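The next block holds one structure in the form of structure tokens; read it before the comments.
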Amino acid sequence: MQIYWTRINKITEETPEVKTFLLDRPEDFTWEEGSHTHFALEGFNAGDKPNRSLIRHMSISTLPHENTIGITTRIKEQCSEFKTILKTIEVGTKVAIFKTHSNVPLRRENKNIYLLSSGVGLATFRPLVLDYLERADNVNQIHSLNIDSTKDFLFPTVFKSAPDKNFTSLFVDNRKDYYEEARNLAADKSGIYYIVGSDEFIVQNMEVLRERGITPEQIMLDKREKGRHELLSSVYPGQDNFLIDAK
Ligand SMILES: Cc1cc2nc3c(=O)[nH]c(=O)nc-3n(C[C@H](O)[C@H](O)[C@H](O)COP(=O)(O)OP(=O)(O)OC[C@H]3O[C@@H](n4cnc5c(N)ncnc54)[C@H](O)[C@@H]3O)c2cc1C
């Protein structure tokens, strides 16, 4: 396993609670849209075993051509040791990234794509949308729906509807509006539905999709095979193959 040590080169305050840490991009480090990485703070590998309280899974909210690795996270007043360190971490501090992989690349299959997310889950989708806006090949349209009860919606310049590019972005601040809209979107029987949020959020969205006749093959989750199987089998009982054919 290769550990990339790099440095924080900028910290952006996206909203009062959400920050993006922009890291220098090591020369030989690249990634696909939708990737997550292991983001670790200094000292994580100082002992015999890795110190898990200094490591978190984080999506990369940028694309390689931006030439910086973006990590976007919410830091509440009451927070973990990891986020407490992030609260006061400074530009120039060394951090590590390793085991980078995308479970949610953009499926270019001439279909409509729906991005369903909650809060900072939108960070996972930012590179997918940028990739699509730069090159729309084999994607009919993208529709993003995000719920954030803080009403401080993320990345407003990227997530701005662009009718000429077949991109629609909707932000809502309450569950009633969210699930009403999700139900409407799920009327598209051939769409591809990406979901990012807590497991509870994922399950609730999948229940809406299942009721509308959407099949597991049409659902993309930011989970490895085992996690995907666990969640999908709870909503689609009686089925046991939830793999997506690589197209
Ligand atoms: C594939 C993947 C991608 C991911 N991508 C991202 C990403 O891009 N951005 C991101 O932010 N997360 C991402 N996550 C989730 C991330 O790994 C963390 O689990 C998440 O950010 C929570 O961090 P934390 O454990 O440090 O807890 P915190 O965020 O600090 O806390 C979680 C909750 O517990 C409460 N809490 C924590 N400590 C206390 C305390 N002492 N007292 C009272 N309440 C407390 C907090 O208020 C909060 O509501 C991803 C996870 C996966 C699996």
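What follows draws every value from the coordinates through simple rules; no lab data is involved. Just so we're clear, the structure is a prediction, and the values are computed from it rather than from any experiment. So basically every Cβ, Gly included, is an ideal-geometry build from the backbone, and we count neighbours across all protein chains shown.
At 222 nm, what helix-only mean residue ellipticity would the chain give, in deg cm²/dmol to the nearest 500, using -39500 (n - 2.57) for each DSSP H run of four or more?
Details: 5 runs with 56 residues, N = 247.
Only helices count here, giving -7000 deg cm²/dmol.
Against the empirical 2.2 N^0.38 Å scaling, what ratio does the C-alpha Rg of the stretch 1-125 come to? Present the calculation step by step, with values, prior to reporting the outcome.
Working: Rg = 14.9 Å, N = 125, 2.2 N^0.38 = 13.8 Å.
After normalising by residue count via 2.2 N^0.38 Å, the value is 1.08.
Report the gain in length on full extension from residue 161 to residue 13: 0.36 nm times residue separation, minus Cα-Cα distance, nm rounded to one decimal.
51.0 nm
Taking the chain as a Gaussian network, where each spring joins two C-alpha atoms under 10 Å apart, which residue of 186, 136, 46 fluctuates the most?
Among 186, 136, 46, the largest GNM mean-square fluctuation belongs to 46.
How are the C-alpha pair distances of the stretch 1-54 spread across 5 Å bins, as whole percents from the shortest bin up?
Spelled out bin by bin, the stretch 1-54 gives 4, 13, 20, 24, 22, 12, 4, 0 percent.
Distance between the C-alpha centers of the stretch 98-173 and the stretch 38-86? Whole Å please.
Measuring centre to centre over Cα atoms gives 23 Å.
Calculate, axis by axis, the spread of Cα positions in the stretch 159-247 along the three principal axes, and write the results as whole Å, longest axis first.
The Cα atoms of the stretch 159-247 stretch 39, 32, 22 Å along their principal axes.
Loop-only check: which GluC sites (Glu not before Pro) in the stretch 8-78 are DSSP coil with at most 13 other Cβ within 10 angstrom?
On the way: sites: 13, 14, 17, 27, 32, 33, 42, 66, 77; in loops: 14, 17, 27, 32, 33, 42, 77.
Taking the stretch 8-78 and a limit of 13 other Cβ atoms within 10 Å, the loop GluC sites (Glu not before Pro) found are 27, 77.
Tell me, Kirkwood radius of the stretch 62-203 from alpha-carbon pair distances, in Å? Mind showing how you got there, number by number?
On the way: mean 1/r = 0.0601 Å⁻¹.
Result for the stretch 62-203 stands at 16.6 Å.
Mind computing the radius of gyration and Dmax over the alpha-carbon atoms of the stretch 29-72? Å is fine for both.
12.3, 37
How big, on average over all directions, is the shadow cast by the Cα convex hull of the chain, in nm²? Could you put the intermediate results ahead of the total?
Working: hull surface 55.9 nm².
Taking a quarter of the hull surface, the average projection is 14.0 nm².
Along the charge dipole of the chain, Cβ charges K/R +1 and D/E -1, which of 72, 166, 105 sits furthest on the positive end?
Among 72, 166, 105, the one farthest towards the positive end of the dipole of the chain is 72.
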